[in-house]
Amino acid sequence: MKVAAIYGSPRKSGNSAKMLEAVLEEFPQEAEIRKIYLAEKNFSGCCAERNCLNLGYCDVEDEMQEIYKDLLWAEVIVFASSSQFGDVPTPLKALMERTWPLRGKLKNKIGGYVVSARRYAESTINTLRAFMLRHKMILGNTGAIAYTVTENGGLENDALAIKDSHKTGKRLVELYYLVHSKD
Ligand SMILES: Cc1cc2nc3c(=O)[nH]c(=O)nc-3n(C[C@H](O)[C@H](O)[C@H](O)COP(=O)(O)O)c2cc1C
């Protein structure tokens, strides 16, 4: 079981990261987990030069090249996102834009997400769902959302935040076995 855990917030150890850790606790010991902290990666959004349409891959030389390898390698991809100005933070949006050349290559990978927000998370959730559905990934469940969480913390204020993160992890594992049972 190959799992890519994408930490999408600019804050490496923030609320969404804690939620993602709770998701990962549900994976079996034999799972190979690659943790990718976008806050540590140096890459840009799509340059829209459209070279990838001819090449079949993105030739922009930045650290997205490592992320491409991880996304292609993974069988399960889990995103952690904060909500910034009502949507996913810039590094995560940049990653999404850069997956244009991966069209068709993420198909049937199992996808999940956790989101932490102070209050307005709807568009963040929609962006994550739309991204995974656009890539024809198999969306695990409704994910986990933490509300009333600020940069100072407060995960404990939302009883469902960590509980639903564990549920998300359990569902992703369940789906993995369902999809890979005939392998
Ligand atoms: C620049 C910025 C913009 C934010 N905008 C929103 C927002 O529009 N809606 C919201 O609910 N929370 C917003 N927040 C709050 C964060 O989403 C919230 O504190 C979240 O728990 C942070 O997650 P993290 O600890 O994983 O970074 C914003 C935070 C920052 C830094």
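Quick look at the numbers
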| read-out | value |
| --- | --- |
| Residue in the range 149-167 that is touching a Phe, Trp or Tyr at 6+ places or on another chain (Cβ under 8 Å), within 12 Å of the ligand (Cβ to nearest atom) and among the β-branched types (V, I, T) present | no |
| Residue among I77, I125, I110 that alone is modelled with pLDDT of 95 or more, surrounded by 13 or more Cβ atoms within 10 Å (Cβ to Cβ) and in contact with a Lys or Arg (Cβ under 7 Å, 6 or more places away or on another chain) | I77 |
| Test: residue in the range 87-106 that is buried (at least 22 other Cβ atoms within 10 Å of the Cβ) and closer than 23 Å to P28 by Cβ | no |
| Positions within the range 7-33 being exposed (fewer than 15 other Cβ atoms within 10 Å of the Cβ) and either in contact with an Asp or Glu (Cβ under 6 Å, 6 or more places away or on another chain) or modelled with pLDDT of 95 or more (or both), in sequence order | E25, P28, Q29, E30, E32, I33 |
| Only one of A4, A39 that is within 16 Å of the ligand (Cβ to nearest atom), aliphatic (A, V, I, L, M) and either touching a residue at least 12 places away in the same chain (Cβ under 8 Å) or surrounded by 13 or more Cβ atoms within 10 Å (Cβ to Cβ) (or both) | A39 |
| Checklist (1) more than 15 Å from the chain's Cα centre (by Cα); (2) more than 13 Å from the ligand (Cβ to nearest atom) applied to L128, failing item | (1) |
| Strands (runs of 3 or more DSSP E) completely within the range 1-120 that count 1 or more residues being over 30 Å from G154 (Cα atoms) and touching a Cys at 6+ places or on another chain (Cβ under 6 Å) | none |
| Selection within the range 50-65 - closer than 12 Å to R98 by Cβ and either in contact (Cβ under 8 Å) with a residue 60 or more places away in the chain or among the acidic types (D, E) (or both) | D59, D62, E63 |
| Members of the range 18-36 that are of a type in the set (K, R) and more than 16 Å from the ligand (Cβ to nearest atom) | R34 |
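The values are calculated or read from the model by the stated rules, or taken from the named source; none is laboratory data. In this text, all values refer to a predicted model and were calculated from it rather than measured experimentally. Cβ atoms come from the backbone with ideal geometry, glycine included; neighbour counts cover every protein chain shown.
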